[in-house]
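One structure is given below, encoded as structure tokens.
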Amino acid sequence: MPPPKRKAASPSGNMDGAKDKQSQLAASTVGTARVLTTNQGLEIPDNHNSLKAGVRGPTLMEDFILREKITHFDHERIPERAVHARGSGAHGYFKVYKPMVQYTSAAFLQDPEIETPVFVRFSTVAGSKGSADTVRDARGFAVKFYTSEGNYDLVGNNMPVFFIQDAIKFPDLIHAVKPEPHHEMPQAASAHDTFWDFASLMPESTHMLMWIMSDRAVPRSLRMMEGFGVHAFRFVNARGDSCFVKFHWKPKLGVHGLAWDEAQKIAGKDPDFHRRDLWEAIESGNFPEWELGVQIVDAGKEDELGFDILDPTKLIPEEQVPVQIIGKLVLNRNPDNFFAETEQVAFHPGHLVPGIDFSNDPLLQGRLFSYTDTQLSRLGSANFHEIPINSSVCPMHNFQRDGLHRQTINKERVAYEPNTLGNGTEFRVDGAAQGFQSYPEQIESPKIRRRSPSFDDHFSQATLFWNSQSTAEKDHIVAAFRFELSKVDVPDIRQRMVDNLAHVDLKLATRVAAPLGIKAPDPKAAAGRLGFRDYRITSKVDEDPALRMVGRPGGSVKTRKVAILVADGVETTHLRRIQQDLVDAGALCKLIAPHLGTVSSASGRRLAVDHTFANMPSVMFDAVLIPGGGNSTAALCAMGEAVHFVLEAYKHCKTICAVNDGVQLLSTLGFSHGKNPDMVTVPTAGVIIADARKVLDGHISQDFMAAIALHRHWERLNVDAIPA
Ligand code: HDE
């Protein structure tokens, strides 16, 4: 049968004018013609065989169909981002809660009825595009708002401070953390000599190092991270009044991290862990949400903070300036095509709208050059704004023309301004009050290549961060420093780093140094490199609960993953009740068994298995349920993978609930129990031995869910002794 006749599409020209973002983004691939053609539209007769001289003969040079296909393939890759190469994106919307007219004229921050479309890209910093998601690193949190006044990009991280104070040190920082140049190792890891050599010589990085060594650097999920604009920006209102603003994103699900051992194992078991988690949450309708918060500092009041608001190694403690919640971000649609959207999206802190402006933070100022420049080599042309994911939804018009890969067909005769020939009008920017107005900050200073002395304090906020952590979080920070520095071959670097830490807290430094084969830290050793001033401001707050992750639990089991361990003979009465309660509360339950297919319950029912112990390890779950059933428990106890599953979940401080004789699987942890499971007392935090009578009245489900909502039971004892 002849193929259906194809309809000719008319080339679309002018990109000027308002466009429907959604249809524009979708337009590229949707069509009815399924006949394969060349890029010129020629129908391809055979997509399996190249043109040859005889069926066994050599391939002919004239096979333009083969050459076009291979040529395109050869050029499929574009340079990955120099930093933040590994990322995952999603579409959604932002809605402000109340008009922010008092502070800013930005249109998208005025009307609670308006949903502004957004595209968000989360990323790691150091690794390449194919690196694992769960490595220890800062996470990028870049949001593009497609506003009625142009695109606004809030290009932030999941930590509120940065390693360096001046953009001129960025290439050094990144060269130090990237794989070492002689052998290109290690991938996506800061645990190597060059990073710690640099970091130990740059005491200004100490505060950020505390964050990087904390569990913030190994998030449980991209949906459970805070986001921060980092720098101070300016809000400017319609009267031209300005104040400083710091941006925060607060996740609705709370802020949670992985155990370090867990993070490393996931990197091997599922390198796409975060990407998959985000994708699946959106596909299943569990749309991730954050609230936008702002810390406002009135103009002229910044000197009262006690540190320099322009210094990006400092945060404003929430105890000092509370965060006002002003709107919400919802991610509700996965990209249609990773390359077209997530890879080609081009963020830039200089994509601003009226009402928002920069501060003079010297790190931010340097970024304003870098982002467009990097798109030129990454996306290959100054026309990257025409790529659908990057184009604005509001009308755009100017006289920029031509260049590589230009899409727009400009029809006017004039490409200059002023003119009288273009549409018979003279184009000009109208009046002083319209368009983007830079805040007219008074500046009268000599040109100078120097750091402000007000940036000289490198330790007080590192100490504030340390003081603000819970005991478990402190333990994790110590363990992380030990791990990283133990991977450093040169002892002098290890020594210099712990000497620096002694300026933060001597106890911290002493604990870190203990297993590193070096001298005790010397608090009198000069910090960092020669000439570095060590000056301490007096912090206005000694401790800020907002800096603790455990202080932001989220309070729900929504989208938490619970593994239910089963084998033939499993007792289903209690299992069904708990499972139903979990599902009703939004948790995701999966049955793990020795084999795929079904297992038969004690009463002869068939239960569909989701995963095997071999293909879905405990690190992929937040909690474990071990139902009762003599045969099931006996089978699991005799199976190394099942025993390991429970040991590992215990070691990673996850909630475990055992019903009836399911408790026998816990004996592998060394808990003793009598013949009657009712006699077992709860041995440690987050382990629930279910009294069968309480299952059916819902008490166990409540206890189990309350424990899961706490995320991990970091205070659990003896986890280091568990051999998993
Ligand atoms: Fe970036 N950064 N950065 N950065 N950054 C890039 O731009 C740069 C900094 C951040 O998902 C690059 O398009 C310099 C701080 C995110 O596409 C590049 C300096 C913060 C992303 C670049 C900084 C960020 C980037 C590489 C010091 C948190 C990923 C690819 C002056 C506030 C955006 C690209 C995405 C990406 C330069 C420091 C956040 C090379 C020079 C501080 C989230 O232009």
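The values are calculated or read from the model by the stated rules, or taken from the named source; none is laboratory data. The shown structure was predicted, so the numbers you read here are calculated from the model rather than taken from an experiment. Cβ: placed from backbone, ideal geometry, glycine included. Neighbour counts: every protein chain shown.
On the stretch given as the range 438-467, residues that are among the polar types (S, T, N, Q) and in contact with a strand residue (DSSP E or B) (Cβ under 9 Å, 6 or more places away or on another chain) total 1. Would you call Ala90 touching a Ser or Thr at 6+ places or on another chain (Cβ under 8 Å) and either surrounded by 12 or more Cβ atoms within 10 Å (Cβ to Cβ) or not in a strand (DSSP E or B) (or both)? The answer is no for Ala90. When the test is whether a residue is in a loop (DSSP other than H, G, I, E, B), more than 9 Å from the ligand (Cβ to nearest atom), in contact with a Pro (Cβ under 8 Å, 6 or more places away or on another chain) and free of Cβ contacts under 8 Å to residues at least 40 places away in the same chain, Asp111 passes it.
Only one entry of Leu376, Leu352 meets the criterion of being over 22 Å from the mean Cα position of the chain (by Cα), over 25 Å from Phe235 (Cα atoms), within 16 Å of the ligand (Cβ to nearest atom) and of a type outside the set (Phe, Trp, Tyr), and that entry is Leu376.
Taking the range 49-96 as the range and being free of Cβ contacts under 8 Å to residues at least 40 places away in the same chain and within 16 Å of the ligand (Cβ to nearest atom) as the test, only Arg77 passes.
Considering Leu292, Leu315, Leu253, Leu278, the condition of being within 16 Å of the ligand (Cβ to nearest atom), in contact with a Gly (Cβ under 6 Å, 6 or more places away or on another chain), closer than 25 Å to Asp137 by Cβ and not polar (S, T, N, Q) is satisfied by Leu292 alone.
In the range 142-158, the residues that are closer than 9 Å to Phe347 by Cβ reach residues that are surrounded by fewer than 23 Cβ atoms within 10 Å (Cβ to Cβ) and among the acidic types (Asp, Glu) with C-beta atoms within less than 8 angstrom, at least six apart or across chains, in these pairs: Ala142/Asp153; Val143/Asp153; Lys144/Asp153. Tyr103 falls short of the stated requirement of being over 18 Å from Ser221 (Cα atoms), within 16 Å of the ligand (Cβ to nearest atom) and either of a type in the set (S, T, N, Q) or surrounded by 18 or more Cβ atoms within 10 Å (Cβ to Cβ) (or both). Put simply, of Ala232, Ala199, Ala191 the only residue that is surrounded by fewer than 24 Cβ atoms within 10 Å (Cβ to Cβ), modelled with pLDDT of 95 or more and touching a Ser or Thr at 6+ places or on another chain (Cβ under 9 Å) is Ala191.
Inspect all residues belonging to the range 385-406 and state whether any of them is out of contact with any strand residue (DSSP E or B) (no Cβ under 9 Å at 6 or more places or on another chain), within 28 Å of Arg450 (Cα to Cα) and within 16 Å of the ligand (Cβ to nearest atom). Scanning the range 385-406, I find no residue that is out of contact with any strand residue (DSSP E or B) (no Cβ under 9 Å at 6 or more places or on another chain), within 28 Å of Arg450 (Cα to Cα) and within 16 Å of the ligand (Cβ to nearest atom), so the answer is no. Looking at the range 332-357, which of its residues are in a helix (DSSP H, G or I) and either of a type in the set (Val, Ile, Thr) or buried (at least 21 other Cβ atoms within 10 Å of the Cβ) (or both)? Matches in the range 332-357: Glu341, Thr342, Glu343. As a summary of the residue check, Ala382 satisfies the conditions (1) away from the ligand (no atom under 16 Å from the Cβ); (2) assigned to a loop (DSSP other than H, G, I, E, B); (3) touching a Leu at 6+ places or on another chain (Cβ under 8 Å); (4) closer than 26 Å to Pro171 by Cα except for the one numbered (1). Counted as qualifying within the range 441-544 are the helices (runs of 4 or more DSSP H) with 2 or more residues that are β-branched (Val, Ile, Thr), namely 471-486, 491-502, 506-513. Put simply, of Ala126, Ala191, Ala138 the only residue that is under 13 Å from Arg86 (Cβ atoms), touching a helix residue (DSSP H, G or I) at 6+ places or on another chain (Cβ under 6 Å), in contact (Cβ under 8 Å) with a residue 60 or more places away in the chain and among the small types (Gly, Ala, Ser) is Ala126. Inside the range 542-590, can you point out the residues that are over 28 Å from the mean Cα position of the chain (by Cα), of a type in the set (Lys, Arg) and surrounded by 17 or more Cβ atoms within 10 Å (Cβ to Cβ)? Arg577, the sole residue that qualifies.
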